[in-house]
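S.K.: Got a structure here, written out as C-alpha coordinates. Questions coming.
The values are calculated or read from the model by the stated rules, or taken from the named source; none is laboratory data. Model, not experiment: these values are computed from the prediction. Here Cβ is always computed from backbone atoms with ideal geometry, including for glycine, and neighbour counts include all displayed protein chains. For the accessible areas, the whole protein counts, side chains as well, though only heavy atoms, and no ligand, DNA or RNA atoms are used. Shrake-Rupley method; radii C 1.70, N 1.55, O 1.52, S 1.80 Å.
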Amino acid sequence: MSSSQRKYASMRSIGAYVPPRILSNADLEKMVDTSDEWILKRTGISERHIADDDVATSDLAVEAARDAIARAELETGDIDLVLCATVTPDYFNMPATACIISDKLGIRNVQAFDISAACSGFVYGLSIAKAFIESGMKRNVLLIGAEKFSSIVDYTDRSTCILFGDGAGAAVIAATEDSGERIIDIHASADGSYADFLMTPAPGSVNPCSQKVLEEGLQYVKMKGNETFKLAVKTLTKDVREILEHNGIQAEEIDHFIPHQANYRIIKAVGDALKMREDQIVLTVQKYGNTSAASIPMAINDIYEEGRLRYGDLMLLDTFGGGLTWASALLPFAGK
Ligand code: ACO
(Lines give C-alpha, C1' and ligand atoms only; values in the text may rest on other atoms or scores of the structure.)
Protein backbone atom coordinates (compact mmCIF):
# COMPACT_ATOMS: atom_id res chain seq x y z
CA MET A 1 0.00 0.00 0.00
CA SER A 2 1.54 3.35 -0.96
CA SER A 3 1.58 6.11 1.66
CA SER A 4 -0.93 8.17 -0.40
CA GLN A 5 -3.47 5.34 -0.04
CA ARG A 6 -2.92 4.91 3.66
CA LYS A 7 -6.14 5.02 5.66
CA TYR A 8 -6.37 6.67 9.06
CA ALA A 9 -9.23 6.58 11.56
CA SER A 10 -10.93 9.87 12.43
CA MET A 11 -13.84 11.01 14.60
CA ARG A 12 -16.28 12.22 11.95
CA SER A 13 -19.27 13.06 14.18
CA ILE A 14 -20.79 12.94 17.63
CA GLY A 15 -24.29 12.57 19.07
CA ALA A 16 -25.87 11.96 22.46
CA TYR A 17 -29.15 11.39 24.22
CA VAL A 18 -30.37 11.58 27.80
CA PRO A 19 -33.80 10.41 28.93
CA PRO A 20 -35.99 13.35 30.00
CA ARG A 21 -36.69 12.33 33.63
CA ILE A 22 -34.39 14.05 36.15
CA LEU A 23 -33.43 12.66 39.54
CA SER A 24 -32.24 15.61 41.63
CA ASN A 25 -30.30 15.66 44.87
CA ALA A 26 -33.50 16.85 46.55
CA ASP A 27 -35.27 13.70 45.25
CA LEU A 28 -32.47 11.54 46.66
CA GLU A 29 -32.79 13.26 50.05
CA LYS A 30 -36.27 11.71 50.24
CA MET A 31 -34.97 8.22 49.35
CA VAL A 32 -31.78 7.78 51.45
CA ASP A 33 -29.99 9.44 54.36
CA THR A 34 -28.09 12.07 52.36
CA SER A 35 -28.16 15.78 51.59
CA ASP A 36 -27.79 18.02 48.57
CA GLU A 37 -24.88 19.67 50.38
CA TRP A 38 -23.00 16.36 50.93
CA ILE A 39 -23.51 15.19 47.34
CA LEU A 40 -22.46 18.53 45.84
CA LYS A 41 -19.41 18.88 48.06
CA ARG A 42 -18.17 15.30 47.65
CA THR A 43 -19.04 14.73 43.99
CA GLY A 44 -20.10 17.98 42.25
CA ILE A 45 -23.31 16.29 41.07
CA SER A 46 -26.62 18.21 41.17
CA GLU A 47 -28.80 15.92 39.09
CA ARG A 48 -28.79 12.92 36.79
CA HIS A 49 -31.21 11.59 34.16
CA ILE A 50 -33.01 8.29 34.70
CA ALA A 51 -34.71 6.23 31.99
CA ASP A 52 -38.27 4.95 32.46
CA ASP A 53 -38.83 1.26 33.23
CA ASP A 54 -39.85 0.45 29.64
CA VAL A 55 -36.75 2.09 28.11
CA ALA A 56 -33.72 -0.12 27.45
CA THR A 57 -30.06 0.77 26.97
CA SER A 58 -30.49 0.14 23.22
CA ASP A 59 -33.30 2.74 23.07
CA LEU A 60 -30.97 5.40 24.51
CA ALA A 61 -28.22 4.28 22.13
CA VAL A 62 -30.42 4.47 19.03
CA GLU A 63 -31.28 8.13 19.70
CA ALA A 64 -27.61 9.06 20.06
CA ALA A 65 -26.60 6.97 17.04
CA ARG A 66 -29.18 8.61 14.74
CA ASP A 67 -27.65 12.03 15.46
CA ALA A 68 -24.11 10.77 14.95
CA ILE A 69 -24.95 9.13 11.59
CA ALA A 70 -26.84 12.19 10.32
CA ARG A 71 -24.08 14.58 11.40
CA ALA A 72 -21.51 12.42 9.58
CA GLU A 73 -23.74 12.89 6.49
CA LEU A 74 -24.03 9.14 6.12
CA GLU A 75 -26.91 6.69 5.72
CA THR A 76 -27.32 3.67 7.96
CA GLY A 77 -26.30 1.56 4.96
CA ASP A 78 -22.83 3.14 5.03
CA ILE A 79 -22.06 1.74 8.50
CA ASP A 80 -20.00 -1.45 8.35
CA LEU A 81 -19.32 -2.13 12.05
CA VAL A 82 -21.42 -1.42 15.16
CA LEU A 83 -19.73 -1.36 18.56
CA CYS A 84 -21.55 -0.74 21.80
CA ALA A 85 -19.63 -0.12 25.01
CA THR A 86 -21.87 -0.88 27.97
CA VAL A 87 -22.01 -2.66 31.32
CA THR A 88 -25.78 -2.39 31.41
CA PRO A 89 -26.69 -4.33 28.25
CA ASP A 90 -30.33 -4.99 27.31
CA TYR A 91 -29.68 -8.63 28.23
CA PHE A 92 -26.80 -9.98 30.24
CA ASN A 93 -24.88 -12.57 28.23
CA MET A 94 -26.76 -12.51 24.91
CA PRO A 95 -27.70 -11.13 22.52
CA ALA A 96 -25.23 -8.25 22.40
CA THR A 97 -26.86 -4.82 22.69
CA ALA A 98 -24.96 -3.80 19.52
CA CYS A 99 -27.03 -6.39 17.59
CA ILE A 100 -30.29 -4.96 18.95
CA ILE A 101 -29.20 -1.40 18.16
CA SER A 102 -28.29 -2.43 14.59
CA ASP A 103 -31.71 -3.96 14.12
CA LYS A 104 -33.52 -0.92 15.54
CA LEU A 105 -31.54 1.35 13.20
CA GLY A 106 -32.10 -0.92 10.18
CA ILE A 107 -28.39 -1.67 9.81
CA ARG A 108 -28.26 -5.15 8.28
CA ASN A 109 -25.56 -7.73 7.66
CA VAL A 110 -22.72 -6.03 9.48
CA GLN A 111 -20.54 -7.15 12.35
CA ALA A 112 -21.88 -5.92 15.72
CA PHE A 113 -20.62 -6.60 19.22
CA ASP A 114 -20.38 -5.17 22.74
CA ILE A 115 -17.38 -3.97 24.68
CA SER A 116 -17.26 -4.49 28.44
CA ALA A 117 -14.77 -2.09 30.01
CA ALA A 118 -17.09 -0.08 32.29
CA CYS A 119 -16.32 3.64 32.20
CA SER A 120 -13.36 3.02 29.87
CA GLY A 121 -15.59 1.33 27.29
CA PHE A 122 -15.85 4.19 24.82
CA VAL A 123 -12.10 4.77 24.63
CA TYR A 124 -11.50 1.00 24.46
CA GLY A 125 -14.01 1.02 21.57
CA LEU A 126 -12.14 3.85 19.91
CA SER A 127 -9.00 1.70 19.84
CA ILE A 128 -10.95 -1.20 18.30
CA ALA A 129 -12.52 1.07 15.65
CA LYS A 130 -9.09 2.54 14.87
CA ALA A 131 -7.56 -0.91 14.41
CA PHE A 132 -10.39 -2.10 12.13
CA ILE A 133 -10.18 1.04 9.97
CA GLU A 134 -6.39 1.26 9.75
CA SER A 135 -6.14 -2.43 8.82
CA GLY A 136 -8.51 -1.67 5.92
CA MET A 137 -11.23 -4.02 7.20
CA LYS A 138 -13.90 -1.35 7.84
CA ARG A 139 -14.65 2.21 6.69
CA ASN A 140 -17.43 3.64 8.87
CA VAL A 141 -17.69 2.39 12.43
CA LEU A 142 -20.64 3.36 14.61
CA LEU A 143 -19.20 3.52 18.13
CA ILE A 144 -21.65 3.90 20.99
CA GLY A 145 -21.30 4.23 24.75
CA ALA A 146 -24.69 3.64 26.36
CA GLU A 147 -25.84 2.87 29.87
CA LYS A 148 -29.07 2.42 31.74
CA PHE A 149 -26.96 2.43 34.87
CA SER A 150 -30.04 2.88 37.05
CA SER A 151 -30.87 -0.77 36.24
CA ILE A 152 -27.98 -1.98 38.43
CA VAL A 153 -28.14 0.66 41.17
CA ASP A 154 -29.51 -0.10 44.63
CA TYR A 155 -31.56 2.98 45.50
CA THR A 156 -31.27 2.16 49.21
CA ASP A 157 -27.43 2.38 49.11
CA ARG A 158 -26.49 6.03 49.59
CA SER A 159 -22.83 5.44 48.75
CA THR A 160 -23.62 4.51 45.13
CA CYS A 161 -27.13 5.70 44.21
CA ILE A 162 -26.16 9.37 44.28
CA LEU A 163 -23.45 8.88 41.68
CA PHE A 164 -24.89 7.30 38.58
CA GLY A 165 -27.17 8.35 35.71
CA ASP A 166 -28.44 7.04 32.38
CA GLY A 167 -27.57 8.22 28.89
CA ALA A 168 -25.87 7.45 25.59
CA GLY A 169 -23.28 8.96 23.31
CA ALA A 170 -22.28 7.88 19.81
CA ALA A 171 -19.65 8.73 17.24
CA VAL A 172 -18.93 7.75 13.67
CA ILE A 173 -15.30 6.76 13.36
CA ALA A 174 -14.48 6.91 9.67
CA ALA A 175 -11.58 6.24 7.33
CA THR A 176 -9.68 9.27 6.04
CA GLU A 177 -6.58 9.79 3.92
CA ASP A 178 -5.92 13.13 5.63
CA SER A 179 -3.31 12.47 8.31
CA GLY A 180 -4.26 15.76 10.02
CA GLU A 181 -7.65 14.23 10.90
CA ARG A 182 -6.28 11.00 12.33
CA ILE A 183 -6.74 9.69 15.86
CA ILE A 184 -3.19 10.38 16.99
CA ASP A 185 -2.76 7.87 19.79
CA ILE A 186 -4.67 5.69 22.25
CA HIS A 187 -3.29 4.08 25.40
CA ALA A 188 -5.50 1.50 27.11
CA SER A 189 -4.77 -0.87 29.95
CA ALA A 190 -6.28 -3.00 32.73
CA ASP A 191 -5.46 -4.55 36.10
CA GLY A 192 -7.83 -7.32 37.19
CA SER A 193 -6.26 -7.54 40.65
CA TYR A 194 -8.50 -4.57 41.51
CA ALA A 195 -11.64 -6.30 40.20
CA ASP A 196 -13.42 -6.00 43.55
CA PHE A 197 -13.08 -2.20 43.65
CA LEU A 198 -16.07 -1.91 41.34
CA MET A 199 -18.30 -4.84 40.45
CA THR A 200 -21.75 -6.28 40.05
CA PRO A 201 -21.32 -9.72 41.67
CA ALA A 202 -24.32 -11.23 39.81
CA PRO A 203 -25.60 -12.54 37.46
CA GLY A 204 -22.68 -14.45 36.02
CA SER A 205 -20.97 -17.83 36.17
CA VAL A 206 -19.71 -17.11 39.70
CA ASN A 207 -23.15 -16.15 40.98
CA PRO A 208 -25.88 -17.34 38.61
CA CYS A 209 -29.31 -15.91 39.26
CA SER A 210 -30.80 -17.38 42.45
CA GLN A 211 -32.93 -16.50 45.44
CA LYS A 212 -29.68 -15.86 47.37
CA VAL A 213 -28.55 -13.33 44.73
CA LEU A 214 -31.78 -11.40 45.11
CA GLU A 215 -31.82 -11.59 48.92
CA GLU A 216 -28.24 -10.30 49.15
CA GLY A 217 -28.69 -7.72 46.36
CA LEU A 218 -25.71 -9.11 44.42
CA GLN A 219 -27.18 -7.82 41.16
CA TYR A 220 -26.38 -4.26 42.21
CA VAL A 221 -23.17 -2.31 41.65
CA LYS A 222 -20.75 -2.45 44.62
CA MET A 223 -17.92 0.01 44.89
CA LYS A 224 -14.99 0.64 47.20
CA GLY A 225 -15.48 4.35 46.65
CA ASN A 226 -12.60 5.82 48.57
CA GLU A 227 -9.99 3.33 47.30
CA THR A 228 -11.29 3.79 43.73
CA PHE A 229 -11.10 7.56 44.13
CA LYS A 230 -7.41 7.55 45.13
CA LEU A 231 -6.39 5.12 42.41
CA ALA A 232 -8.40 7.10 39.82
CA VAL A 233 -6.55 10.35 40.55
CA LYS A 234 -3.16 8.62 40.42
CA THR A 235 -3.85 6.60 37.27
CA LEU A 236 -5.57 9.35 35.29
CA THR A 237 -2.75 11.81 35.97
CA LYS A 238 -0.05 9.27 35.04
CA ASP A 239 -1.96 8.29 31.91
CA VAL A 240 -2.23 11.83 30.61
CA ARG A 241 1.42 12.59 31.31
CA GLU A 242 2.44 9.46 29.40
CA ILE A 243 0.32 10.04 26.29
CA LEU A 244 1.32 13.72 26.06
CA GLU A 245 5.01 12.92 26.53
CA HIS A 246 4.87 10.03 24.06
CA ASN A 247 3.50 12.37 21.38
CA GLY A 248 5.59 15.45 22.23
CA ILE A 249 2.51 17.51 23.08
CA GLN A 250 2.28 20.04 25.94
CA ALA A 251 -0.82 20.20 28.17
CA GLU A 252 -1.47 23.81 27.10
CA GLU A 253 -1.83 22.70 23.45
CA ILE A 254 -4.96 20.69 24.29
CA ASP A 255 -8.17 22.47 23.29
CA HIS A 256 -10.50 20.18 25.24
CA PHE A 257 -9.51 17.89 28.10
CA ILE A 258 -12.43 15.47 28.39
CA PRO A 259 -12.04 13.23 31.43
CA HIS A 260 -14.50 10.56 32.51
CA GLN A 261 -17.21 12.32 34.49
CA ALA A 262 -17.25 10.39 37.78
CA ASN A 263 -16.59 13.02 40.41
CA TYR A 264 -15.73 16.71 40.22
CA ARG A 265 -13.03 16.27 42.87
CA ILE A 266 -11.26 13.63 40.76
CA ILE A 267 -11.40 15.87 37.67
CA LYS A 268 -10.17 18.89 39.67
CA ALA A 269 -7.28 16.95 41.23
CA VAL A 270 -6.17 15.61 37.83
CA GLY A 271 -6.60 19.01 36.14
CA ASP A 272 -4.56 20.71 38.87
CA ALA A 273 -1.78 18.10 38.73
CA LEU A 274 -1.54 18.64 34.96
CA LYS A 275 -1.82 22.43 35.26
CA MET A 276 -4.81 22.49 32.91
CA ARG A 277 -6.64 25.81 32.56
CA GLU A 278 -10.29 25.82 33.56
CA ASP A 279 -11.38 26.60 30.00
CA GLN A 280 -9.65 23.42 28.77
CA ILE A 281 -11.55 21.07 31.09
CA VAL A 282 -14.95 19.79 29.99
CA LEU A 283 -17.36 19.28 32.90
CA THR A 284 -20.78 17.65 32.67
CA VAL A 285 -20.84 15.60 35.88
CA GLN A 286 -23.00 18.24 37.61
CA LYS A 287 -25.96 17.56 35.29
CA TYR A 288 -25.56 13.91 34.24
CA GLY A 289 -23.71 12.22 37.13
CA ASN A 290 -21.54 9.25 36.18
CA THR A 291 -22.95 7.62 33.03
CA SER A 292 -20.07 5.13 32.73
CA ALA A 293 -19.28 4.28 29.08
CA ALA A 294 -21.56 7.09 27.87
CA SER A 295 -19.86 9.83 29.85
CA ILE A 296 -17.08 10.77 27.42
CA PRO A 297 -19.13 10.86 24.18
CA MET A 298 -21.90 12.72 26.04
CA ALA A 299 -19.34 15.30 27.16
CA ILE A 300 -17.95 15.64 23.61
CA ASN A 301 -21.50 16.12 22.35
CA ASP A 302 -22.15 18.82 24.94
CA ILE A 303 -19.31 21.01 23.70
CA TYR A 304 -20.27 20.25 20.10
CA GLU A 305 -23.86 21.41 20.67
CA GLU A 306 -22.62 24.50 22.56
CA GLY A 307 -20.58 25.40 19.46
CA ARG A 308 -17.32 25.06 21.38
CA LEU A 309 -16.00 22.04 19.45
CA ARG A 310 -14.74 22.88 16.00
CA TYR A 311 -13.12 20.93 13.18
CA GLY A 312 -9.45 20.34 14.03
CA ASP A 313 -9.75 21.03 17.79
CA LEU A 314 -7.37 18.79 19.72
CA MET A 315 -9.11 16.59 22.29
CA LEU A 316 -7.56 14.61 25.11
CA LEU A 317 -9.80 11.85 26.51
CA ASP A 318 -8.95 10.19 29.81
CA THR A 319 -10.94 7.53 31.61
CA PHE A 320 -10.95 5.04 34.40
CA GLY A 321 -13.43 2.38 35.48
CA GLY A 322 -14.38 -1.10 36.63
CA GLY A 323 -12.01 -3.91 35.77
CA LEU A 324 -10.06 -1.96 36.68
CA THR A 325 -9.56 -0.46 33.27
CA TRP A 326 -8.14 2.86 32.13
CA ALA A 327 -7.48 4.56 28.82
CA SER A 328 -6.53 7.84 27.22
CA ALA A 329 -6.74 9.13 23.66
CA LEU A 330 -5.42 12.09 21.69
CA LEU A 331 -7.37 13.11 18.62
CA PRO A 332 -8.58 16.07 16.63
CA PHE A 333 -12.30 16.43 16.02
CA ALA A 334 -12.83 15.69 12.33
CA GLY A 335 -16.52 16.53 12.15
CA LYS A 336 -18.23 19.55 10.63
N1 ACO B 1 -24.59 11.03 51.87
C2 ACO B 1 -24.09 11.29 53.10
N3 ACO B 1 -23.05 10.60 53.61
C4 ACO B 1 -22.51 9.63 52.83
C5 ACO B 1 -23.00 9.31 51.55
C6 ACO B 1 -24.08 10.05 51.08
N7 ACO B 1 -24.63 9.85 49.87
N8 ACO B 1 -22.25 8.31 51.04
C9 ACO B 1 -21.33 8.00 51.94
N10 ACO B 1 -21.48 8.78 53.05
C11 ACO B 1 -20.68 8.79 54.27
C12 ACO B 1 -20.00 7.47 54.52
O13 ACO B 1 -20.89 6.56 55.17
C14 ACO B 1 -18.86 7.90 55.43
O15 ACO B 1 -19.35 8.07 56.74
P16 ACO B 1 -18.45 7.63 58.01
O17 ACO B 1 -17.21 8.50 57.93
O18 ACO B 1 -19.35 7.93 59.15
O19 ACO B 1 -18.15 6.18 57.79
C20 ACO B 1 -18.49 9.29 54.88
O21 ACO B 1 -19.63 9.73 54.14
C22 ACO B 1 -17.26 9.29 53.98
O23 ACO B 1 -17.38 8.23 53.03
P24 ACO B 1 -16.30 7.99 51.90
O25 ACO B 1 -16.72 6.82 51.07
O26 ACO B 1 -14.94 7.97 52.52
O27 ACO B 1 -16.49 9.36 51.08
P28 ACO B 1 -15.65 9.92 49.88
O29 ACO B 1 -15.20 11.26 50.18
O30 ACO B 1 -14.64 8.92 49.39
O31 ACO B 1 -16.77 10.06 48.74
C32 ACO B 1 -17.45 8.87 46.75
C33 ACO B 1 -17.47 8.90 48.28
C34 ACO B 1 -18.21 10.08 46.28
C35 ACO B 1 -18.14 7.61 46.29
C36 ACO B 1 -16.00 8.93 46.23
O37 ACO B 1 -15.22 8.00 46.94
C38 ACO B 1 -15.86 8.63 44.75
O39 ACO B 1 -16.29 9.40 43.92
N40 ACO B 1 -15.17 7.53 44.39
C41 ACO B 1 -14.75 7.21 43.03
C42 ACO B 1 -15.85 6.79 42.12
C43 ACO B 1 -15.27 6.44 40.76
O44 ACO B 1 -14.50 7.17 40.21
N45 ACO B 1 -15.59 5.28 40.20
C46 ACO B 1 -14.91 4.85 39.01
C47 ACO B 1 -15.68 4.92 37.81
S48 ACO B 1 -17.27 4.18 37.94
C49 ACO B 1 -17.37 2.88 36.76
O50 ACO B 1 -16.44 2.36 36.26
C51 ACO B 1 -18.75 2.36 36.46
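S.K.: Need one number: convex hull volume per residue for region 109-193, Cα atoms only, in Å³.
M.R.: On the way: hull volume 11.8 nm³, N = 85.
Each residue corresponds to 138 Å³ of Cα convex hull volume.
S.K.: Please give the charge dipole size of region 8-179, origin at the Cα centre, charges +1 on K and R Cβ atoms and -1 on D and E Cβ atoms. Round to the nearest 20 debye.
M.R.: With Lys and Arg at +1 and Asp and Glu at -1, about 380 debye.
S.K.: Hey, can you find the accessible area per residue of region 8-179 for me, probe 1.4 Å, expressed in square angstrom? The partial results should precede the final answer.
M.R.: Numbers: 6910 Å² over 172 residues.
I get 40 Å² per residue for region 8-179.
S.K.: Along its three principal axes, how long is region 8-179 when you only count alpha carbons? Whole Å, largest extent first please.
M.R.: Projected onto its principal axes, the Cα set of region 8-179 covers 54, 33, 25 Å.
S.K.: Using Cα positions and a limit of under 19 Å, work out the lysines in reach of Lys148, with same-chain residues fewer than 8 apart set aside.
M.R.: Hits, sequence-local ones excluded: Lys104, Lys222, Lys287.
S.K.: Toward the positive end of the charge dipole of region 8-179, about the Cα centre and with charges on Cβ (Lys, Arg +1; Asp, Glu -1), which of Ile107, Gly167, Ile50 goes farthest?
M.R.: Ile107
S.K.: Moving on. What do you get for Rg/Rh of region 185-332 when both radii come from the Cα atoms and Rh is the Kirkwood radius?
M.R.: Values: Rg = 17.0 Å, Rh = 16.4 Å.
A ratio of 1.03.
S.K.: A further question follows. Spelling out what I want: for every residue of region 137-153, take phi, set θ = phi - 60°, compute 6.51 cos²θ - 1.76 cosθ + 1.60 (Karplus), and round to whole Hz; glycine and proline get x.
M.R.: Running phi through 6.51 cos²θ - 1.76 cosθ + 1.60 with θ = phi - 60° gives 7, 9, 10, 10, 9, 8, 10, 10, x, 9, 9, 9, 5, 4, 6, 10, 9 Hz.
S.K.: Here's a follow-up. Out of residues 5 or more away from Thr88 or on other chains, whose amide H comes under 5 Å of its own, with H placed 1.01 Å from N in the peptide plane?
M.R.: Lys148
S.K.: Just name one of Val153, Thr176, Ser24: the one whose Cα is farthest towards the positive end of the charge dipole of region 8-179 (beta-carbon charges, Lys/Arg +1, Asp/Glu -1).
M.R.: Positive-end residue among those listed: Thr176.
S.K.: Excluding residues on the same chain fewer than 8 positions from Lys224, give the lysines whose Cα lies under 18 Å from its Cα.
M.R.: Of all the lysines, those that pass the test against Lys224 - Cα under 18 Å, at least 8 places apart if same chain - are Lys234.
S.K.: On the protein heavy atoms, probe 1.4 angstrom, tell me the percent of accessible surface of region 37-155 carried by carbon and sulfur.
M.R.: Details: 2350 of 4960 Å².
C and S fraction of accessible area: 47 percent.
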